[in-house]
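First up is the structure itself, then whatever we jot down about it.
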Amino acid sequence: MFDHQRLEAVGTEGEAPVSEPERQYYYMKKCREWAGQEAVRAGHSLTMSIQTLGCQMNAKDSEKITAIMEYIGYQETGEPVADFVLFNTCTVRENANMKIYGRLGFLKNQKKKNPRMKIALCGCMMQEADEVEKIRKSYPFVDLVFGTHNIYKLAELLYIQIQSDRPVVDVWEEAQEIVEDLPGKRKYPFKTGVNIMYGCNNFCSYCIVPYVRGRERSREPEEILREVRGLVEDGVVEIMLLGQNVNSYGKTLEKKISFAQLLRQVNGIPGLQRIRFMTSHPKDLSDELIAAMAECDKVCTHLHLPLQSGSTKILEKMNRRYTKEGYLELVSRIRERLPELSLTTDIIVGFPGETEEDFLDTLDVVRRVRYDSAYTFIYSKRSGTPAAAMEDQVPEETVRERFARLLKEIQAISAEITDSRVGQTVPVLMEEINAQDSTLITGRLSNNAVVHCKTDASQIGRILPVKLMESRGFYYMGEVADQP
Ligand code: 5AD
Ligand code: SF4
């Protein structure tokens, strides 16, 4: 847990401390001194824009970055242009990379208008040597580049950049220590993600994550519980336990512990109301976890269980280590114990060698499982992964056609499931003012579905009973019910 007093105790005279997190506290203070003077020179308080692409992991990392930068003296404005602009990048699919280059082009001109502007890049794309090389050569106006393993060093790197006034690039190939006790700034005061592990050892053949996020490392359970307790004390009612494959949590720790055991311990924390987790690999989902989910009252009625493909042949080429039948059998075991559970998934269309028959297998699983919703992706070739070298890449037109068919199927099922709950009164966590209509508050059901209801902003952060009045395909319009 971050402790303000510990930070205050660190002085800025003399050399930087060697041990972490004190070393970063020292640099945060050094940067803060500089930022105070810079604001005077600029004639305004310093602003920042933290733009996050990709998954929950990146969202969590951005919360850490935001907190460090806020301490230094930058304020978030919600505008795309600011005195400090950072992109926390994703590289799971190629179009995410393209997006970054587009935005850098735009910022180049903005920086001409405001030479004080600092541009920083971090996240998964920065773990790719080719991309970093390209940025060094063709985007020299980028001031700071760091990777996924050294986010905690942001203040130190920024300080070096300020002192030298030259681009600073620091990307580590491998993770080193897990640095605890840095500050975090939550996007929502009442809910947040909690990392339980980093990296991935699965090497699905299409996926770049194991190369950019490194090997699997679990956090000590005591650290996780300490963090969650602290968050609850600070007003958090919902947490999402985060890991690339939470089902293999604990395997790398000296004192072995399973994810199911961790879940039970987190469930025991007084004051916490909802627990979610992300992501589960089907090959590692144990009966022990199913039992824990059934018995832990705070665990939400939602499981994200990526399918990727319904064809056993393609699953093998993807190195997923389960079959179509194995997946379906797992789903029936889960449903037997957890009949109320909503299942969601990820599906890739157009993996190399995917035939019409393979695709029909995917549709078949979709029809049998009946997902509440699904994220569908067109296969994207990521260089360095085994799938990139595979023959039989599927023609684009075929992929598009299959993608449209899959989407139609998923949407139809999703709408049926959503419709079937209309009329029920369910607990909803009120989360934010609706962006389109400020008289509505948007909330989430335990199963992660979204509902909009007429109530006021003072209810944000509370869990209220809501009657689901109307289904709009994949979300609801609801009314806050009288409380018992
Ligand atoms: N192409 C398309 N989709 C991918 N995903 C991961 N790698 C790729 C790729 N190369 C998808 C998977 C994963 C989700 C986060 O992104 O479905 O579950
Ligand atoms: Fe990528 Fe597979 Fe690891 Fe998920 S489990 S991050 S898809 S390699």
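Net charge near residue 272: determine it from the other residues with C-beta under 10 Å of the C-beta of residue 272, scoring Lys and Arg +1 and Asp and Glu -1. Don't jump to the answer; show the numbers that get you there.
Values: positive: 229, 274, 298; negative: 238.
Around residue 272, the surrounding residues sum to +2.
In region 210-266, if every C-alpha pair distance is counted and binned at 5 Å from zero, what percent goes to each bin?
For region 210-266, the binned pair fractions read 4, 17, 27, 23, 16, 10, 3, 0 percent.
Can you compute the radius of gyration and Dmax for the chain, using only the Cα atoms, both in Å?
Values for the chain (Cα only, Rg and Dmax): 23.3, 69 Å.
In Å, what Kirkwood hydrodynamic radius results for region 138-297 from the alpha-carbon pair distances?
Hydrodynamic radius (Kirkwood, Cα only) of region 138-297 equals 17.5 Å.
Under the rule of -39500 (n - 2.57) per DSSP H run of 4 or more residues, summed and divided by the residues of the chain, what mean residue ellipticity at 222 nm is obtained, to the nearest 500 deg cm²/dmol?
Dividing the helical sum by the residues of the chain leaves -11500 deg cm²/dmol.
Of 158, 231, 445, which is farthest towards the positive pole of the chain's charge dipole, taken about the Cα centre with +1 and -1 on the beta-carbons of Lys, Arg and Asp, Glu respectively?
Most positive-ward Cα: 158.
Strictly under 4.7 angstrom between C-beta atoms: which cysteines of the chain have no such partner?
31, 55, 90, 122, 124, 200, 296, 300, 453
Above 22 angstrom, tally the Cα pairs of region 413-484 and express them as a % of all pairs, no decimals.
On the way: 344 of 2556 pairs.
Beyond 22 Å sits 13 percent of the P(r) for region 413-484.
Evaluate Rg over Rh across region 292-421, taking Cα atoms for both radii and Kirkwood's formula for Rh.
1.00
For every other residue with a beta carbon closer than 12 angstrom to the beta carbon of residue 393, add +1 if it is Lys or Arg and -1 if Asp or Glu, then tell me the sum. Write out the running numbers ahead of the final one.
Numbers: positive: 381; negative: 354, 391, 392, 396.
Cβ neighbours under 12 Å give a net charge of -3.
Put a dot 7 Å past each Cα toward the Cβ at residue 321 and residue 180; how far apart are the dots in nm?
2.8
Where the convex hull is taken over the Cα atoms of region 370-422, what is its projected area averaged over directions, in nm²?
The orientation-averaged projected area of the Cα hull of region 370-422 comes to 4.6 nm².
If you look at just the Cα atoms of region 403-453, how large are its Rg and its Dmax in Å?
13.4, 37
Would you list which lysines come within 19 Å of residue 187, measuring only between C-alpha atoms, while excluding same-chain residues fewer than 8 positions from it?
Counting by Cα, and skipping residues close in sequence, residue 187 has these lysines nearby: 60, 64.
About the Cα centre of region 335-484, what is the dipole size in debye to 20, counting +1 per Lys and Arg Cβ and -1 per Asp and Glu Cβ, all else neutral?
Its charge dipole is roughly 480 debye.
In nm, what is the difference between 0.36 nm times the number of residues separating residue 201 and residue 41 and their Cα-Cα distance? Provide the component values of the computation, followed by the final result.
Details: separation 160, 0.36 × 160 = 57.60 nm, distance 4.85 nm.
Once the chain is fully extended between residue 201 and residue 41, it gains 52.8 nm.
Considering only the other residues whose Cβ falls under 13 Å of the Cβ of residue 97, what net charge follows from Lys and Arg at +1 and Asp and Glu at -1?
+2
Apply 1/(1 + (r/R0)^6) to the Cβ-Cβ distance of residue 220 and residue 32, taking R0 = 30 Å, and write down the FRET efficiency to the nearest 0.05.
0.50
For the pair residue 415 and residue 19, what calculated FRET efficiency results from E = 1/(1 + (r/R0)^6), where r is the Cβ-Cβ distance and R0 = 35 Å, to the nearest 0.05? Provide the component values of the computation, followed by the final result.
Working: r = 55 Å, r/R0 = 1.58.
That pair, residue 19 with residue 415, gives E of 0.05.
Taking the Cα centre of region 140-203 as origin, sum charge times position over the Cβ atoms of Lys and Arg (+1) and Asp and Glu (-1), and report the length of that vector in debye to the nearest 20.
480
Projected onto the charge dipole of region 305-383 (+1 at Lys/Arg Cβ, -1 at Asp/Glu Cβ, origin at the Cα centre), which of 369, 328, 383 gives the Cα projection farthest towards the positive end?
Checking the options against the dipole of region 305-383, the answer is 383.
If I model region 303-376 as equal point scatterers sitting on the Cα atoms and use the Debye formula, what is log10 I(q)/I(0) at q = 0.18, 0.26 Å⁻¹?
-0.65, -1.28
Let me know the shape class of region 86-222, please: from the alpha-carbon gyration tensor, a ≥ b ≥ c as square roots of the eigenvalues, rounded when a/c is under 1.5, otherwise prolate if a/b is greater than b/c, or oblate.
Taking the square roots of the gyration eigenvalues as a ≥ b ≥ c, region 86-222 is prolate.
Could you tell me how far the Cα centroid of region 251-299 sits from the Cα centroid of region 20-65, in Å?
Rounded to whole Å, the Cα centres lie 33 Å apart.
Take the Cα coordinates of region 343-484, assign each an equal point scatterer, and use the Debye formula without solvent to give log10 I(q)/I(0) at q = 0.13, 0.15, 0.20 Å⁻¹.
-0.69, -0.79, -1.06
Residue 99: which aspartates and glutamates have alpha carbons under 14 Å from its alpha carbon, excluding same-chain residues fewer than 8 sequence positions away?
Within the straight-line cut-off, residue 99 pairs with 131.
Over the Cα atoms of region 224-314, what radius of gyration and what Dmax do you get, in Å?
14.1, 49
Working out 0.36 nm times the residue gap between residue 337 and residue 79, then minus their Cα-Cα distance, what length gain in nm do you get to one decimal?
Extra length from residue 337 to residue 79 when fully extended: 88.2 nm.
For region 278-320, with only Lys/Arg (+1) and Asp/Glu (-1) charged at the beta-carbon, what is the dipole magnitude about the Cα centre, in debye rounded to 20?
Rounded to the nearest 20 debye, it is 380 debye.
Treating the Cα atoms of region 114-153 as identical point scatterers in vacuum, please give the log10 of the normalised Debye intensity I(q)/I(0) at q = 0.18, 0.21, 0.28, 0.33 Å⁻¹, two decimals.
-0.50, -0.65, -0.98, -1.14
What FRET efficiency, computed as 1/(1 + (r/R0)^6) with R0 = 41 Å and r the Cβ-Cβ distance, is obtained for residue 160 and residue 422, rounded to the nearest 0.05? Working shown, then result.
On the way: r = 57 Å, r/R0 = 1.40.
After rounding to 0.05, the efficiency reads 0.10.
Residue farthest toward the positive end of the dipole of the chain, with Cβ of Lys/Arg at +1 and Asp/Glu at -1: which of 249, 9, 127?
Towards the positive end, the residue furthest out is 127.
All of the numbers you see were taken from the coordinates with simple rules; none came from a lab. Everything quoted here is computed from the prediction, not taken from an experiment. Don't worry about glycine lacking a Cβ; one is built from the backbone with ideal geometry, like all the others, and counts go over all protein chains shown.
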